[in-house]
Amino acid sequence: MTDSYSQKPSKWFWIISVIALLWNAVGVFQYLIKAYNTEGFRSQYTAEQLEIIANSPAWATAAFAIGVFGGLIASGFLLMRRKLATIFYVFSLTGIIIQVYHNHFVIDSSEIMGNSAAYFSGTIVVIALLLLYFSIFATKKQWIR
């Protein structure tokens with residue numbers, strides 16, 4: 001009988017998995033401070049920006065939640081060496097893409113928040129794609145099942 005965990009992950013698997021968990025935990029934190037409209041959150045934006053954020057449609061807020069919570073759950077599954085990580089990274093990426101669509105095509109966040117908003121959004125999409133690829137790679141290497 002072959003153990004599906006026959007391939008022991010390398011150290012960098014664990015390093016990437018922990019970094020992924022921390023990265024997505026920061027995303028969840030950002031979502032929560034926005035959802036609870038904390039003073040720390042409000043202090044980051046102008047009154048005009050806060051008004052635009054407050055008037056975001058529910059689907060954009062839901063996409064944000066799916067993106068960050070999906071990524072956090074996926075990272076947890078990655079650490080537990082479960083293939084469900086890939087499915088949740090797909091959910092996360094989908095939420096991120098929908099949120100980026102809202103931020104850059106519905107409200108044009110680059111005009112409101114500056115060009116750094118576009119760069120940061122691009123970075124988030126790239127990291128989400130890399131984490132999805134990493135989970136697929138780990139499955140092929142039989143590091144997760």
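Descriptive notes on the structure:
- LEU22 satisfies every condition listed in (1) over 11 Å from the mean Cα position of the chain (by Cα); (2) at pLDDT 95 or above; (3) surrounded by fewer than 19 Cβ atoms within 10 Å (Cβ to Cβ) except (1).
- Selected residue [out of contact with any helix residue (DSSP H, G or I) (no Cβ under 8 Å at 6 or more places or on another chain) and either at pLDDT 95 or above or not small (Gly, Ala, Ser) (or both)] from PHE120, PHE88, PHE77: PHE120
- Test set (1) within 30 Å of TRP12 (Cβ to Cβ); (2) at pLDDT 95 or above; (3) of a type in the set (S, T, N, Q) - THR61 fails condition number: (1)
- The residues on offer are SER121, SER110, and the sole one that is surrounded by fewer than 17 Cβ atoms within 10 Å (Cβ to Cβ) and farther than 15 Å from ALA20 by Cα is SER110.
- Exclusive hit being in contact (Cβ under 8 Å) with a residue 60 or more places away in the chain and polar (S, T, N, Q), set SER92, SER109: SER92
- Scanning the range 48-79 for residues that are over 13 Å from ASN24 (Cα atoms), without any contact (Cβ under 8 Å) to a residue 40 or more places away in the chain and not polar (S, T, N, Q), we see that the one that is surrounded by the most Cβ atoms within 10 Å (Cβ to Cβ) is ALA63.
- So SER75, is it closer than 17 Å to SER17 by Cα and in contact with a Lys or Arg (Cβ under 9 Å, 6 or more places away or on another chain): no
- Within the range 11-44, considering residues that are free of Cβ contacts under 8 Å to residues at least 40 places away in the same chain and among the hydroxyl-bearing types (Ser, Thr, Tyr), the one nearest to LYS141 (Cα to Cα): TYR31
- Residues in the range 134-142 include none that are exposed (fewer than 15 other Cβ atoms within 10 Å of the Cβ) and farther than 30 Å from LYS8 by Cα.
The values are calculated or read from the model by the stated rules, or taken from the named source; none is laboratory data. These numbers come from a predicted model, not from an experiment. Glycine also receives a Cβ, built like all others from the backbone with ideal geometry; neighbour counts cover every protein chain displayed.
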